[in-house]
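Encoded as structure tokens, the structure appears first; notes follow it.
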Amino acid sequence: MNSIALADPAGRMPFFTPASYTAPMTSTTSSTQPDEHLWLEDIDGAEQLAWAREHNAKTVQRYAQSPAFERMEQGILEVLDSEARIPMVRKIGPLFYNFWRDKKNPKGLWRRTTLAEYRKPRPDWETVLDLDALAEADKENWVWHGADCLQPGYKRCLISLSRGGADANVVREFDLELKQFVASGFTLPEAKSNVAWKDIDHLYVATDFGPGSMTSSSYPRIVKEWKRGTPLASAATVYEGGEDDMTVSAWRDNTPGFERDFVSRQMDFYDSETWLRTSDGRLVKIDVPDDASAEVTRDWMLVEPRSPWTVGGATYKPGSLLAARFDDYMAGQREITVLFEPDDTTALDDYSWTRHHLILNVMHDVVNRLEVLTPQAGAKEWKRESLGGAPELSTIEAGGIDEDENDDYFLTVSGFLQPTTLYIGTIGQGEPEPLKDSPAFFDASGYRVSQHFATSKDGTRVPYFEIAPKSLQADGRNPTLQYAYGGFEISLQPSYSGTIGRAWLEQGGVYVVANIRGGGEYGPRWHQAALQRNRLRTCEDFAAVSEHLIARNITSPRHLGAMGGSNGGLLMGNMLTLHPKLYGAVVSEVALLDMKRYTHLSAGASWIAEYGDPDDPEEWAWIQAFSPYENAKPGQPYPPALFTTSTRDDRVGPVHARKMHAKLAAMGYDSSFYENIEGGHSAATDNKEAAFMDALGYAYLWKHIGRTST
């Protein structure tokens with residue numbers, strides 16, 4: 001059983017979306033001021049798209065038509081298209097599958113090979129599906145959104161395809177043996193669908209069944225069981241949620257010997273209920289807190305509470321990982337074992353099963369270490385061993401390859417200056433062996449990584465990573481790019497980026513990653529400290545890091561740029577309006593910005609648990625404090641700002657960026673805008689588009705905060 005996967009605005013986890021929502025033209029940004037830019041909310045209107053193209057052209061003319069830009073764009077594209085990249089794989093049945101994009105295959109190949117072949121420097125791949133050929137045949141701009149294959153035979157898959165990169169998917173049944181779509185097989189039209197196999201002849205389907213079948217968050221509220229060969233309209237309802245819920249779903253765990261069916265109701269982003277569905281269709285609730293995540297694997301249920309949980313006479317900390325035998329728990333027993341308990345500097349990042357063991361990925365001050373836990377037969381205790389720690393200021397991650405078959409695992413090690421290395425190992429059989437190395441896309445020998453701590457407004461210690469030349473002069477003139485996300489309990493850990501190396505470090509810049517509250521670097525408490533009415537703490541933390549950099553004379557406001565995307569783009573909008581004197585330029589990508597209207601735009605209602613409900617006057621009183629669109633005013637010392645977005649982004653939507661740019665430009669500020677017509681929430685459908693969008697952001701910052709900028 002997997003707990004339901006929801007999409008934060010950044011899209012850490014996949015989710016499925018219907019057609020873009022066009023908001024009614026009736027709202028105002030406040031009770032007294034009409035919204036002069038409301039007309040831009042018609043996402044696909046001819047006049048609105050013409051407006052976007054006009055402003056795109058101005059931005060391209062100013063920032064993307066120079067030899068320097070072309071060199072940067074080409075350098076980034078070489079990284080993204082490199083055939084020397086590690087082709088990360090997923091085991092499906094006996095074979096290992098990879099989705100691959102490069103210059104020859106811009107939309108991508110879904111391909112497979114054996115483990116023996118994968119071990120070779122240049123494996124021999126068998127193409128399963130050529131997405132470029134499919135897109136040409138269908139006359140559609142298909143973007144790969146993954147495959148769900150039926151366990152245990154793995155002969156059929158449900159393939160999700162997006163038009164132009166939107167979250168909305170078309171779902172088609174695919175035969176893995178014949179390598180072709182199944183004629184008259186299961187097919188779903190474009191929608192935000194949650195689809196899962198029950199067995200070869202039945203699916204669990206939550207999709208757009210017509211009027212009244214979607215929640216206010218624009219996700220499905222009804223899940224049905226659909227039998228092969230029957231019309232979708234005749235599918236039997238399994239569960240029906242409310243309009244104000246976020247979504248519902250159902251799935252079967254087909255692990256041999258542990259086949260179970262589950263139904264989930266997601267009330268909001270962090271609260272849900274899950275039921276075990278019996279063979280006669282009854283739903284038996286799994287009795288854990290609504291704000292806890294729970295996963296069932298074979299004998300075991302693992303629970304991560306997000307608030308203190310008292311059960312069986314004991315109270316467990318938020319951010320703990322707890323284990324109970326599932327069948328015993330459902331029978332009323334409450335024998336729970338603590339597998340991990342957080343402290344002030346340590347949090348659980350992730351975990352993964354192998355056949356007989358559980359791998360824990362633990363962070364201490366945002367640096368990883370790995371532990372292996374093994375349940376002992378007939379005992380409550382679990383044996384605990386180390387699987388290794390990361391090199392200094394880097395990231396190490398491990399995950400089981402096939403939890404039903406063996407104890408093999410993949411392990412990766414990566415750092416800001418350390419290209420990723422992939423290892424393979426078997427728990428209990430010595431050290432893992434190196435399998436593949438990512439190439440170095442820039443010469444890292446002249447740089448160093450350091451970790452620092454700033455003090456936020458309320459005294460909180462906020463960590464940040466700094467990547468800078470070893471020869472750095474603390475003269476206040478170093479072009480410095482400060483990046484953060486700060487939401488949805490997402491952690492920013494050390495990782496290698498050839499793009500940043502080429503486009504920023506090699507050009508003489510300093511790169512900074514701020515681990516601000518709202519993220520998950522210190523578990524649920526770090527996230528919850530910046531929820532809703534406390535949202536401004538993300539801004540205070542980010543500002544504290546900026547001030548620390550300036551106090552250390554690493555940079556100065558003239559040479560300090562800020563960048564973030566999605567929720568991080570909201571942060572950038574707030575840094576622009578609340579802390580403008582700290583920055584020489586701001587880049588806000590695919591961002592939420594109009595927090596008065598956000599719940600009525602695209603999938604915005606999904607995130608009320610994160611930000612609050614602006615339609616509630618009491619909550620709007622504090623949401624307004626972090627609504628950049630509402631707070632933008634004339635006569636302020638705003639630095640230049642670039643807003644990028646995508647027409648096909650049906651998660652956050654292009655409306656926020658359009659309106660923010662229009663408002664700032666009307667006030668006479670130096671505001672720039674670029675809307676990629678394709679691309680979804682990533683703002684790009686292929687590597688070429690991604691290289692352009694990345695280069696545009698970096699070129700913009702170099703123009704405004706470089707040593708020669710004026």
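Things worth noting here:
- As a summary of the residue check, Glu117 satisfies the conditions (1) among the charged types (D, E, K, R); (2) in a strand (DSSP E or B); (3) free of Cβ contacts under 8 Å to residues at least 12 places away in the same chain except for the one numbered (2).
- Residue, nearest to Lys224 (Cα to Cα), within region 170-187, restricted to residues that are out of contact with any Lys or Arg (no Cβ under 8 Å at 6 or more places or on another chain) and either in a loop (DSSP other than H, G, I, E, B) or not charged (D, E, K, R) (or both): Val171
- Residues that are buried (at least 19 other Cβ atoms within 10 Å of the Cβ) and under 22 Å from Pro469 (Cβ atoms), drawn from region 431-443: Phe441, Phe442
- Flag if Tyr239 is open to solvent by 40 Å² or more (accessible area, probe 1.4 Å), out of contact with any helix residue (DSSP H, G or I) (no Cβ under 9 Å at 6 or more places or on another chain) and part of a strand (DSSP E or B): yes
- Being modelled with pLDDT of 95 or more, in a loop (DSSP other than H, G, I, E, B) and under 15 Å from His37 (Cα atoms) is a condition met by no residue of region 668-676.
- For Phe69, the requirement of being outside any loop (DSSP other than H, G, I, E, B), among the aromatic types (Phe, Trp, Tyr) and under 21 Å from Ala398 (Cα atoms) is not met.
- Looking only at region 290-315, and only at residues there that are within 15 Å of Pro342 (Cα to Cα) and under 28 Å from the mean Cα position of the chain (by Cα), the one that is surrounded by the fewest Cβ atoms within 10 Å (Cβ to Cβ): Pro308
- Residue match in region 75-85 (condition: under 22 Å from Glu433 (Cβ atoms), within 27 Å of the chain's Cα centre (by Cα) and in contact (Cβ under 8 Å) with a residue 12 or more places away in the chain): yes
- If you go through region 376-417 and keep only what is among the aromatic types (Phe, Trp, Tyr) and closer than 23 Å to Pro434 by Cβ, you end up with Tyr409, Phe410, Phe416.
- Residues located in region 388-405, provided they are out of contact with any Ser or Thr (no Cβ under 7 Å at 6 or more places or on another chain), under 21 Å from Lys91 (Cβ atoms) and open to solvent by 40 Å² or more (accessible area, probe 1.4 Å): Glu405
Condition check ((1) over 28 Å from Arg85 (Cβ atoms); (2) touching a Lys or Arg at 6+ places or on another chain (Cβ under 9 Å); (3) modelled with pLDDT of 95 or more; (4) open to solvent by 20 Å² or more (accessible area, probe 1.4 Å)) across all residues:
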| site | (1), (2), (3), (4) |
| --- | --- |
| Glu126 | no, yes, yes, yes |
| His145 | no, no, yes, yes |
| Leu150 | yes, yes, yes, yes |
| Leu161 | no, yes, yes, no |
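- Residue in region 631-648 that is at pLDDT below 95 and touching a Gly at 6+ places or on another chain (Cβ under 6 Å) present: yes
- When Arg111, Arg122 are screened for being more than 30 Å from Gln507 (Cβ to Cβ), crowded, with 19+ Cβ neighbours inside 10 Å and not hydrophobic (A, V, I, L, M, F, W, C), only Arg111 passes.
- Any chance Gly680 is over 16 Å from Gln61 (Cα atoms) and crowded, with 24+ Cβ neighbours inside 10 Å: yes
- Applying the condition of being part of a loop (DSSP other than H, G, I, E, B) and either of a type in the set (Asp, Glu) or touching a helix residue (DSSP H, G or I) at 6+ places or on another chain (Cβ under 7 Å) (or both) to region 510-530 and asking which residue is farthest from Leu570 (Cα to Cα) yields Glu521.
- When the criteria are applied in full, Glu335 fails the requirement of being open to solvent by 40 Å² or more (accessible area, probe 1.4 Å), more than 30 Å from Pro256 (Cβ to Cβ) and either modelled with pLDDT under 95 or touching a helix residue (DSSP H, G or I) at 6+ places or on another chain (Cβ under 8 Å) (or both).
- Checking Glu397, Glu405, Glu392, Glu385 one by one, the residue that is assigned to a strand (DSSP E or B) and either among the basic types (Lys, Arg) or more than 20 Å from Arg85 (Cβ to Cβ) (or both) is Glu385 and no other.
- Cross-chain or 6+ apart pairs with Cβ under 7 Å, region 199-210 first and on the phi < 0 side of the Ramachandran plot and open to solvent by 10 Å² or more (accessible area, probe 1.4 Å), then in a loop (DSSP other than H, G, I, E, B) and among the aliphatic types (A, V, I, L, M): Ile200/Leu150
- Considering residues of region 569-604 that are under 22 Å from the mean Cα position of the chain (by Cα) and hydroxyl-bearing (Ser, Thr, Tyr) only, the residue modelled with the lowest pLDDT: Ser602
- Exactly one residue among Glu381, Glu304 is more than 21 Å from Glu431 (Cα to Cα) and either of a type in the set (Ser, Thr, Tyr) or at pLDDT 95 or above (or both), and that residue is Glu304.
- Hey, Tyr638 surrounded by fewer than 24 Cβ atoms within 10 Å (Cβ to Cβ) and in contact with a Ser or Thr (Cβ under 8 Å, 6 or more places away or on another chain) or not: yes
- All positions within region 573-626 that are among the acidic types (Asp, Glu) and either in contact with an Asp or Glu (Cβ under 9 Å, 6 or more places away or on another chain) or open to solvent by less than 10 Å² (accessible area, probe 1.4 Å) (or both): Asp594, Glu610, Asp613, Glu619
- Condition met for Ile705 (among the hydrophobic types (A, V, I, L, M, F, W, C) and over 27 Å from Ala609 (Cα atoms)): yes
- In summary, Thr374 fulfils each of the numbered conditions (1) of a type outside the set (Phe, Trp, Tyr); (2) at pLDDT 95 or above; (3) open to solvent by 30 Å² or more (accessible area, probe 1.4 Å); (4) more than 27 Å from Gln473 (Cα to Cα) with the single exception of condition (3).
The values are calculated or read from the model by the stated rules, or taken from the named source; none is laboratory data. Everything quoted here is computed from the prediction, not taken from an experiment. Cβ: placed from backbone, ideal geometry, glycine included. Neighbour counts: every protein chain shown. Note: accessible area is taken over every heavy atom of the protein model, side chains too, but ligands, DNA and RNA are not part of it. Shrake-Rupley method; radii C 1.70, N 1.55, O 1.52, S 1.80 Å.
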